[in-house]
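Just below is one structure, and these are the notes that go with it.
Since every read-out is calculated from the coordinates, none of them should be taken as a lab result. None of the values given here were measured: they were computed from a predicted structure. Cβ coordinates were reconstructed from backbone atoms using ideal geometry, including for glycine residues, and neighbour counts include every protein chain displayed.
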Amino acid sequence: MTVSHHPDRALLLDYATGALSEPFALVVATHMALCPACRHEVSAMEAIGGAMLEASTDCSQAQPEDAFARLMAHVEAVPGEHAASQPAINDPALAAIPRPLRDRLPASPDQMPWRRQGPIETVFLPCDVPGYRVRMLRIAPGRGVPRHTHRGEELTLVLQGAYSDATGHFGRGDLETADPTLDHRPVADPGEQCICLAVTSAPLRLTGRLGRLIDHFLDI
Ligand SMILES: [Zn+2]
């Protein structure tokens, strides 16, 4: 698996400093479980931040070699998708979901209470942050999400299969960031269901000809 689409550096920095909202942090953490590059980048940000904090509190005792050693130890310690400490899971569909998200699911993806919404199926996950929506999204092979734009930000992480929109092709581990400037219609690749984690900070707005008519009824 090669991850091609990553969170931008500002998003990773917000994650590393704890400034990111919890629903978006869930998406970034799940992406990181599938992406060694972003794990290392966030680890370096956290280590550098920690070293700077230490240096600012006790300049007289700070040793550059100590800070570097701690940084490298921290980078090496970040667990990945196949960390040995994780217990074995017999359900392949559940095992394919990285740990940060797996702990939030009500059941294995094969057994979740998917609710059909037009051409897609969704399962909403509990979310305490006002305005945000956290949902699992399942798109049948070759089918598309209705054309829409965004009233806020949307982070979409592919967990199984793949989809394409006007901005590119997204496979397992890829993360797409969308905002009100993006009007798109993601279409799943043929041959395999596409399952995504999608988090929005405000409701979507359907924009196609039919979408404008049913926007108030199709609550995505
Ligand atoms: Zn990444």
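Annotations for the structure displayed:
- Packing, as the average of other Cβ atoms within 10 Å across residues, places the peptides 190-198, 6-14 in the order 190-198, 6-14, highest first.
- Gain on full stretching of the segment that runs from Glu192 to Leu105 - 0.36 nm per residue minus C-alpha separation: 29.2 nm
- Sorting the segments 148-158, 17-27 by their residues' average number of neighbouring beta-carbon atoms within 10 angstrom, most packed first, yields 148-158, 17-27.
- Approximating the spin labels as points 7 Å out from Cα along Cα→Cβ, the His40-to-Ala166 distance works out to 3.6 nm.
- Difference of contour (0.36 nm per residue) and Cα-Cα distance, Asp8 to Arg185: 61.5 nm
- Spin-label model, Ala55/Ala19: points 7 Å from Cα along the beta carbon direction are separated by 1.9 nm.
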